[in-house]
Amino acid sequence: MLDYTAIGRRIKHYRIENNMTQCQLAEKLSVTDKFISSVETGRAKISLSRLYDISVILSVDISCFLKDT
């Protein structure tokens, strides 16, 4: 089973590393910043296709989000 809280923490880590706000990431994904916040805290599940989109935007291999989950 996927650990969505761990995935969310990693998304937040790489988003901050890329000097990007939740609003900026949300805009690129055509979602709300509230959704990004929910994903980063593990309150919302994220699809693999959406996770792939985030990995492309943040220039991170998708496996970095999924390791040890």
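The values are calculated or read from the model by the stated rules, or taken from the named source; none is laboratory data. For clarity, every value in this text was computed on a predicted model and none was experimentally measured. Counting neighbours? That spans all protein chains shown, and the Cβs are built from the backbone with ideal geometry, glycine included. Calculation scope for accessible area: heavy atoms of the full protein, side chains included, ligands and nucleic acids excluded. Shrake-Rupley method; radii C 1.70, N 1.55, O 1.52, S 1.80 Å.
Data table
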| read-out | value |
| --- | --- |
| Dipole magnitude (debye, nearest 20) for the stretch 5-69, charges at Cβ of Lys, Arg, Asp, Glu | 200 |
| Accessible surface of the chain, 1.4 Å probe, proportion on carbon and sulfur as whole % | 50 |
| When the convex hull of its Cα atoms is projected in every direction, mean area for the chain (nm²) | 3.9 |
| Exposure rank, largest accessible area first [Met20, Met1; 1.4 Å] | Met1, Met20 |
| The chain: relative contact order in percent, alpha carbon pairs under 8 Å with at least 6 residues between | 44 |
| Surface accessible to a 1.4 Å probe, Lys28 within the full protein complex, Å² | 130 |
